[in-house]
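The values are calculated or read from the model by the stated rules, or taken from the named source; none is laboratory data. As the structure is a computational prediction, the values presented were derived from the model and not from experiment. No Cβ is skipped: glycine too gets one built from the backbone with ideal geometry, and neighbour counts run over all protein chains shown. These accessible areas exclude ligands, DNA and RNA; they are computed on the full protein's heavy atoms, side chains included. Shrake-Rupley method; radii C 1.70, N 1.55, O 1.52, S 1.80 Å.
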Amino acid sequence: MTWQMNVDPLGHIGLSALVAAVPIVFLFWALAIRRMKGHYAALGGTALALLIALTVYGMPVQYAALSTLYGGAFGLFPVCWIVITALFIYNMSVKTGQFEVIKNSLASITDDRRLQALLIAFSFGAFIEGAAGFGTPVAITSAMLAGLGFNPLYAASLCLFANTAPVAWGAIGIPIVVGGQVAGIPDLALSQMVGRTLPFLSLCVPMYLVVLMAGWKKGLEVWPACLVSGGSFAVAQYFSANSPLTAPLLPDLIASIASIVCTVVFLHFWHPKESWHFADEPRRQGKEQLRYTGGQIFRAWAPFIILSLFVCAWGIKPVSQALDQITKQVFDFSLPIAGLDKMVIDQAGKAKPAVFKLNVLSAAGTAILFAWFFSIAVMGASLRTAAGVARDTLRTLAWPIVTIATILGFAYIMNFSGMAITLGHAIAHTGAAFPFFAALLGWLGVFMTGSDTSTNALFGKLQAVTADKLGIDPVITMSANTCGGVCGKMISPQSISVATGSTGMVGRESEIFRFTFKHSIFMAAIVGGMHLLWAYVFPGIVPSYVRPVAAAAAAVAKTAQAAINPQGLMWLAIFVGIITFVTVAARTLGARLEAPVEGHDEVHFH
């Protein structure tokens, strides 16, 4: 028997929204004030959401329980799958001693912690975000910074903060694509609108990042490097986000590469007079002497190059289509959730699907797993070492996995019960101020779901419909939803769990939340204010576009979904060929660098 969602169960949208906000307020209180461990806060918030769904919203017990379990399953796959496989590669690099080479290669460019954070957390993290998204950049970069000797709290917090500007085009532009489809806006137009907003943020994030680390005085000492890092990223992001040739798929990849290249070249000619380190570190002056050959450095970085190539390949649409088709031919694990699929009728009268897609081959985590297999060969590790690394990684991620699965269960019960839509409708009643609050709605959505893509899917239609009623161009409110969402990434319990799992800070999630919260809400308010200006003061900044006819768009989407693009296998073969070449070249050029003896972490030369 189906159940009709009621988004205003108390007959007053304001009161209903207050009740719907209780689980979210609890999460804020538990993390910021009570300082609970992440998994306890997530369990408490989910329990409250279930209680309100059952008692206030009248949701049947079966649907409430199944929707929560459905979200938990999504948390395990594909989200946790990405985090686990990403840490396989990093931990293997540490175990084999290759990460010592990476540390020295970075220190030879700069041993200044501020500049290392720019290169790893901001520029390299943006590249990984553009290729894979869904927690991968935070998992990789926070582990790398901790391995370089950063205070784990700073490593986790700084990577969460840096993972803002690129989020809108993460995983080869999927948040923009989904947002455009749901709101009925061409994805190019949405990319252009977001690309005329976020570059302002991108320009400021590097400076903001180093000030958070070192304070105003020490932060301003490296303003030229911050300008080069953020400026090159912002310029490349603006042009690539507004070009039909590169938007919405490639802005992150283009901008991050531009930032890495420009920053590294700049640091060859400029360095602060005095290197900055954390207070508990021994003080050093200037760059370290490079102790390895170019081939050895290439070999040490090769696993991360291979990772980038694999996730880029998986992000190409024809490749993902081909992989999905192969999956369906071998085993079809698209499982409708019995007892929940199409049993909940949403506020628009549509049955909500509940299908768990175990798309094993096309999942980003699987791309990273293949990268790990190649990395074993590159690093010269034995299968015994690889198995030990996998075992130890799973042990350290036990509680983060619980937290991520629980918080996704929380997000799904908020969605299927109607509580999330209640909050959206309440914010939609803000009238002329809606462009500002549309950004806060996106911020709130990413806090709940941990994903800008999920938030655009959840609130996209509401944003577009509300904008039409108010006489505002819907591309403005969808841009606000997307840009506001990127600011919520750094406080999402899901993202924080990824960071704590990567840096060995499990149980200290509240410290990171307290560190990032005020900066998150400040940036979201700035983004909201910018969209107020776009709506009422500078409407000329809005791109011109033609909204597609819904029926035609649906037909095109159906055709694209049904068609099997033969180019997918061709692109996959090309990438595998390149990756194989990188693997062989890394072992050949770095042949003098050997993996450590089993049970030891020293690097040996011969």
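Working out 0.36 nm times the residue gap between Leu18 and Arg35, then minus their Cα-Cα distance, what length gain in nm do you get to one decimal?
Value of the extension gain: 3.8 nm.
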Residue-averaged [θ]222 nm for the chain, counting only DSSP H segments that reach four residues, each worth -39500 (n - 2.57) | -22500 deg cm²/dmol
Cα→Cβ-extended label distance, 7 Å offset, between Ala433 and Lys328, nm | 4.8 nm
Which labelled figure in [x] 77, 64, 55; [y] 75, 55, 49; [z] 147, 80, 49 is Cα extents along the principal axes in Å, once derived from the coordinates = [y]
Descending packing, highest mean Cβ count within 10 Å first, for 491-501, 300-310 is 491-501, 300-310
antiparallel share of DSSP beta bridges within the chain, to nearest 5, in %, is 75 percent
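Give the longest segment of the chain that steers clear of trypsin sites (Lys or Arg not before Pro) in DSSP loops with at most 11 neighbouring Cβ atoms within 10 Å, not counting the sites themselves.
Details: sites that count: Lys273, Arg283, Lys350.
Counting only loop sites that pass the neighbour cut-off, the longest clear stretch is 1-272.
Got a number for carbon plus sulfur as a percent of the chain's accessible area, 1.4 Å probe?
Here carbon and sulfur together make up 68 percent of the probe-accessible area.
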Could I have the simple spin-label model distance between Leu227 and Asp468, label points 7 Å from Cα toward Cβ, reported in nm to one decimal?
-> 4.7 nm
C-alpha long axis of helix 567-589 to longest principal axis of the chain, angle in ° = 30 degrees
How high is the FRET efficiency from Val61 to Lys342, r the C-beta distance, R0 22 Å, rounded to 0.05?
-> 0.75
Quick one: helix 419-428 against the long Cα principal axis of the chain, what's the angle to the nearest 10°, folded into 0 to 90?
-> 80 degrees
Which value, in Å², gives the accessible area per residue of the chain when a 1.4 Å probe is used on the protein heavy atoms?
-> 38 Å²
Whichever lysines have a C-alpha closer than 28 Å to that of Lys328, once near sequence neighbours (fewer than 8 apart) are set aside | Lys317, Lys342, Lys350, Lys352, Lys357, Lys558
Quick one: compute the contact order of the range 207-361, relative version, from alpha carbon pairs under 8 angstrom and 6+ residues apart, as a percent.
-> 13 percent
Given Cα pairs under 8 Å that are at least 6 residues apart, what percent is the relative contact order of the chain?
-> 26 percent
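Can you tell me the relative contact order of the range 389-454? Whole percent, Cα pairs under 8 Å, sequence separation 6 or more.
27 percent
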Proximal lysines relative to Lys217, as straight alpha-carbon distance under 24 Å, when same-chain residues fewer than 8 apart are discounted = Lys273, Lys287, Lys518
Spin-label pair Ile541/Val355, simplified geometry with 7 Å Cα→Cβ offset, distance in nm = 4.0 nm
In degrees from 0 to 90, rounded to the nearest 10, what is the angle of the helix 152-162 Cα long axis to the longest principal axis of the chain?
-> 60 degrees
